[in-house]
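**Student:** Got a structure for you, written out below as structure tokens; questions coming shortly.
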């Protein structure tokens, strides 16, 4: 039996012939964006009608109608985070996006891979595969990931594609919308708590990369010292090329040579830092917090209750993701959307790795406040009771 002949897929040229317009006009209507607003409404409707008659991506074309939407939100990551498990750092973000999208009556589309034109997998993800914005099938998109491609964020801003980043990100040639953790206030509050416990020599171990979250943490460290009346010592801001280099010998050197009594550590995106901390704690050569207090400036990537309960602040990841969806839908509802930046307070996790300055530590040069310092002030600056 002869198989039925497969029907040729309609193209934009077919739509142009059917609607009696140029192919460039069809491309503008189908792709959407700011330039499509220059097309007359009668022409737009003729193009969309022709597209529907020919079966050309009717669901995508329909959203180009003024005020029309697919009610489809995208979620794009610059790293491979699908699939994941409950211990993974990204898992609460995914839950938060999914839950809020469902609550708002939107479906969710996961953009989980990019392919080169040759069809082979690419090590580095790209939104603009072959020069086209893959995200446009959705009304708008939530983006997340540490290793971002700045040039692609800039391109999204230039073409007015609605998106919200989970985390503070900046580009040189525009302003974008984001929902971020308030690293500045959370870090400053941890410094204040250590100062309350008598610590004056607090080393900040920052990430090597100069990302926005790292800059925010450093700003919080400097602010916390200033508010506690502690003079800044630039020698107490350090970084390691490899988190695994955080050894007990190195810590002993900092204690002996720099006189530190507390250590603030920025977590890494993998488990090397957590493993190095566990190795140090297992030696008994430096006890936490008896010999040195230690706090993490964020969540370990895969913390579980069986691991050491380090003092830290925790990111409200599910809340941040839900807020990102809400901000994105607000942008979609606006005629001329303006970029929005929202910061969300972090949660203090007391843990068991900080305590009063050890006996024989540095002599305090000024009285230390005895009242606990809250980690999250109210929006008007008053302490939270």
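The values are calculated or read from the model by the stated rules, or taken from the named source; none is laboratory data. Predicted model, so just to flag it, every value in this text is computed and none were measured. Counting neighbours? That spans all protein chains shown, and the Cβs are built from the backbone with ideal geometry, glycine included.
**Student:** Take the conditions under 19 Å from residue 341 (Cβ atoms) and surrounded by fewer than 21 Cβ atoms within 10 Å (Cβ to Cβ) and apply them to residue 134. Does it pass?
**Tutor:** On the way: under 19 Å from residue 341 (Cβ atoms): no; surrounded by fewer than 21 Cβ atoms within 10 Å (Cβ to Cβ): yes.
So residue 134 does not fit the description; no.
**Student:** So, one more: Looking at (1) under 20 Å from residue 348 (Cα atoms); (2) buried (at least 21 other Cβ atoms within 10 Å of the Cβ), which one does residue 227 not meet, given that it meets all the others?
**Tutor:** (2)
**Student:** If we keep just the residues of region 17-48 that are at pLDDT below 85 and more than 23 Å from residue 140 (Cα to Cα), which is surrounded by the fewest Cβ atoms within 10 Å (Cβ to Cβ)?
**Tutor:** 24
**Student:** Take residues that are free of Cβ contacts under 8 Å to residues at least 40 places away in the same chain and outside the structural domain of residue 262 (by TED's automatic domain parsing) and tell me which of the strands (runs of 3 or more DSSP E) falling wholly in region 286-357 contain 3 or more.
**Tutor:** Answer list for region 286-357: none.
**Student:** Please give the number of the condition residue 334 fails out of (1) surrounded by 15 or more Cβ atoms within 10 Å (Cβ to Cβ); (2) more than 25 Å from residue 191 (Cα to Cα).
**Tutor:** Failed condition: (1).
**Student:** Moving to a separate point now. Which of the following residues is farther than 29 Å from residue 92 by Cβ and loosely packed, with under 14 Cβ neighbours inside 10 Å: 251, 232?
**Tutor:** Numbers: 251 fails: loosely packed, with under 14 Cβ neighbours inside 10 Å.
Only one candidate passes the filter, namely 232.
**Student:** Kindly check whether there is at least one residue in region 249-271 that is modelled with pLDDT of 95 or more, farther than 23 Å from residue 218 by Cα and either part of a strand (DSSP E or B) or in contact with a helix residue (DSSP H, G or I) (Cβ under 7 Å, 6 or more places away or on another chain) (or both).
**Tutor:** No: region 249-271 contains no residue that is modelled with pLDDT of 95 or more, farther than 23 Å from residue 218 by Cα and either part of a strand (DSSP E or B) or in contact with a helix residue (DSSP H, G or I) (Cβ under 7 Å, 6 or more places away or on another chain) (or both).
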